[in-house]
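Report on the following structure.
The values are calculated or read from the model by the stated rules, or taken from the named source; none is laboratory data. On a predicted model such as this, the values are computed, not experimentally measured, just so you know. Here the Cβ positions follow ideal geometry from the backbone for every residue, glycine too, while neighbour counts run over all protein chains shown. What goes into the accessible areas is simple: the full protein's heavy atoms, side chains included, and nothing from ligands, DNA or RNA. Shrake-Rupley method; radii C 1.70, N 1.55, O 1.52, S 1.80 Å.
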Amino acid sequence: MRYNPANHDTVRLADLDDAAVQRAVIDWRVERGLLSAAHSRALRDGVETPASVMALRPTGRRRDGEVEMTLTLLMAPEDGAAWEAESTGFVDPDALSAIQVGSPVLAWYLPGAPFGPAVEVRR
C-alpha cells in the first residue's frame with residue numbers, strides 16, 4: 001500500500017506489476033534478511049527463465065514467519081540447453097504448495113553465475 005504521510009486516512013493499493021513496487025518489495029526483503037544480495041541482483045539484472053522444481057529440502061531456519069528452503073531446479077530456457085541449479089531462500093508457508101516437486105517456477109540468474117538463481121513463487 002502507498003500513503004501520504006501527511007494524510008494517514010487515505011491509502012492506495014500498490015500495483016504488484018509496477019516496477020517501482022517490485023523494487024521496493026525486493027529492498028524490503030533484503031533489509032529483513034529474507035533475500036540475499038546475490039538473489040536481489042539476479043532479480044533486478046538477471047535473465048528470466050522457466051524452471052521446474054526437482055527437489056526441495058527445508059534447512060530448518062525460520063525468519064519473520066518464513067521458512068528457508070533449498071530447491072534443486074531444472075533451469076529450462078526456451079532457446080538453450082537445460083541445466084540443474086540450487087537456490088536457497090525464505091518462503092512464506094502459504095506458498096509452499098506452489099513449490100512441490102514438478103512445480104513450474106520462474107527463476108532469474110546472472111550471466112556468468114547460472115548456478116545460484118533467484119526464484120519467484122506465485123501462489
**OP:** Would you mention how many residues in region 105-123 are surrounded by 13 or more Cβ atoms within 10 Å (Cβ to Cβ) and modelled with pLDDT of 85 or more?
**Re:** 12
Original post:
Given LEU56, LEU34, which one is surrounded by 16 or more Cβ atoms within 10 Å (Cβ to Cβ), touching a Leu at 6+ places or on another chain (Cβ under 8 Å), within 18 Å of SER87 (Cα to Cα) and of a type outside the set (Val, Ile, Thr)?
Top reply: LEU56
Original post:
Here are some conditions: (1) open to solvent by 80 Å² or more (accessible area, probe 1.4 Å); (2) over 15 Å from LEU106 (Cβ atoms); (3) charged (D, E, K, R). ASP27 meets all but one. Which one does it not meet?
Top reply: (1)
**OP:** Kindly check whether there is at least one residue in region 81-91 that is of a type in the set (S, T, N, Q) and surrounded by fewer than 15 Cβ atoms within 10 Å (Cβ to Cβ).
**Re:** no
Original post:
With respect to ALA55, is the statement that it is farther than 25 Å from ASP17 by Cα and outside any loop (DSSP other than H, G, I, E, B) true?
Top reply: yes
Original post:
If ARG61 passes every condition in (1) touching a strand residue (DSSP E or B) at 6+ places or on another chain (Cβ under 6 Å); (2) within 22 Å of LEU110 (Cα to Cα) but one, which one does it miss?
Top reply: (2)
Original post:
Between a first residue in region 61-90 that is without any contact (Cβ under 8 Å) to a residue 24 or more places away in the chain and a second residue that is open to solvent by 30 Å² or more (accessible area, probe 1.4 Å) and assigned to a loop (DSSP other than H, G, I, E, B), which pairs have beta carbons less than 9 Å apart while being 6 or more apart in sequence or on different chains?
Top reply: LEU74/ALA82; ALA82/ALA76
**OP:** Can you tell me which residue among THR10, THR70 is over 16 Å from the mean Cα position of the chain (by Cα) and either of a type outside the set (A, V, I, L, M, F, W, C) or not in a helix (DSSP H, G or I) (or both)?
**Re:** THR10
**OP:** Identify all residues within region 101-116 that are in a strand (DSSP E or B) and either over 11 Å from the mean Cα position of the chain (by Cα) or more than 14 Å from ALA55 (Cα to Cα) (or both); write none if there are none.
**Re:** PRO104, LEU106, ALA107, TRP108, TYR109, LEU110, ALA113, PRO114, PHE115, GLY116
**OP:** For ASP64, state whether it is open to solvent by 60 Å² or more (accessible area, probe 1.4 Å), of a type outside the set (Val, Ile, Thr) and at negative phi.
**Re:** no
Original post:
Here are some residues: VAL21, VAL47. Which one is of a type in the set (A, V, I, L, M) and at pLDDT 90 or above?
Top reply: VAL47
Original post:
Got at least one residue in region 18-41 being part of a strand (DSSP E or B) and among the β-branched types (Val, Ile, Thr)?
Top reply: no
**OP:** Looking at (1) in a helix (DSSP H, G or I); (2) under 24 Å from ALA19 (Cβ atoms); (3) open to solvent by 40 Å² or more (accessible area, probe 1.4 Å), find the lone condition where ALA98 falls short.
**Re:** (3)
